């Protein structure tokens, strides 16, 4: 049987680091009473406020009905609102509300603290090179769309 040392395989490492970051953030964010799915939605809206509900579902790699239920709960808290698109009334745009501002401030502070802890002992120059490398990898993958199917295509299962 072929044995491959995966301890330095960047794909495995990247996945492990991302999983550890999410888990650590889950623990830190617990005091806000948010699930991972909810904070992930809020984080993406912080990044792209006003995105369409369909685009958000694709970015998050979840089904539209699942996102709809998440948004219902966040709307009930008064943290998001959905509005029809001005050009296409079939499209819903999702926006953060002013009421979510204190929670977002806490979320951003906890995220900054986690990044600081994760990057402890790594120089500013190494951090910049690391981010530049990740951006280059992302750019390479985006240039090869055949290698990165859309979320909708990924979800389809053969019958």
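Every number in this text was worked out from the coordinates using simple rules, so none of it is lab data. Quick caveat, the model's predicted, so the values are computed rather than measured. Quick reminder, even Gly has a Cβ in these numbers, built from the backbone with ideal geometry, and neighbours come from all protein chains shown.
Sorting the segments 68-78, 110-120 by their mean number of nearby beta carbons within 10 angstrom, highest to lowest, gives 68-78, 110-120. For the pair residue 13 and residue 77 in one chain, pulling the backbone fully straight at 0.36 nm per residue adds 19.4 nm over the alpha carbon distance. Once the C-beta distance of residue 36 and residue 86 is scaled by a Förster radius of 30 Å, the resulting FRET efficiency is 0.40 to the nearest 0.05.
Taking a ≥ b ≥ c as the square roots of the eigenvalues of the alpha carbon gyration tensor, the chain is oblate, as a/c is not under 1.5 and a/b does not beat b/c.
On the beta carbon distance between residue 130 and residue 24, with R0 = 22 Å, the FRET formula returns roughly 0.75.
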